[in-house]
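Enquirer: Below are the structure tokens for one structure; questions will follow.
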Amino acid sequence: MKKIVVMLIAVSLVVAGYVMADNMKSGKLDLKAGDTIYACNCGDSCPCKTLSRTETNCTCGNKMVKATVAKVDGDKVMLTAAGWDKERAFPTKGKYACACGEGCNCGTISQNPGKCACGKEMAKVM
């Protein structure tokens, strides 16, 4: 019986590893015009360009703002938000992504390392 339990745990860990590895390979958010997303509110010069499906702070530590996807152009989205005087461009592919695994839907990506909306450290995209 113990062997079966150990084997089931091992198989579960392998499956979870594959799911996280698949997320780390892409690091991409699939967005379309009209979608709502949370975005770094630091301005065009901020290097983190953090995006998340869940309200959180960006990897640079500032509060993110609720934004709307105005248009999608390849691996880039143009976002609008209250208080912004113009659309801002964000990449939809992060260098870092949430590594929380299956069942997690925070969808946090960033160009800098840091914590995702789940509170866990993001992992470098492979």
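Values in this text are rule-based calculations from the coordinates and carry no lab data. This is a predicted model, so every value here is computed, not measured. Positions of Cβ are backbone-derived with ideal geometry, glycine not excepted, and every protein chain shown enters the neighbour counts.
Enquirer: What are the ³J(HN,Hα) values, in whole Hz, obtained from phi via the Karplus relation 6.51 cos²θ - 1.76 cosθ + 1.60 with θ = phi - 60°, for each residue of the range 113-125 in sequence order, with x given for Gly and Pro?
Expert: Values per residue, Gly and Pro as x: x, x, 8, 8, 4, 7, x, 8, 5, 6, 10, 5, 6 Hz.
Enquirer: Continuing with the same structure: What does the extension gain come out to for A89 and K32, with contour length at 0.36 nm per residue minus their alpha carbon separation?
Expert: 19.1 nm
Enquirer: Now for a separate question. Taking the simple approach of a point 7 Å from Cα along Cα-to-Cβ for both A70 and N105, what is their distance in nm?
Expert: My value for the distance between the label points is 2.8 nm.
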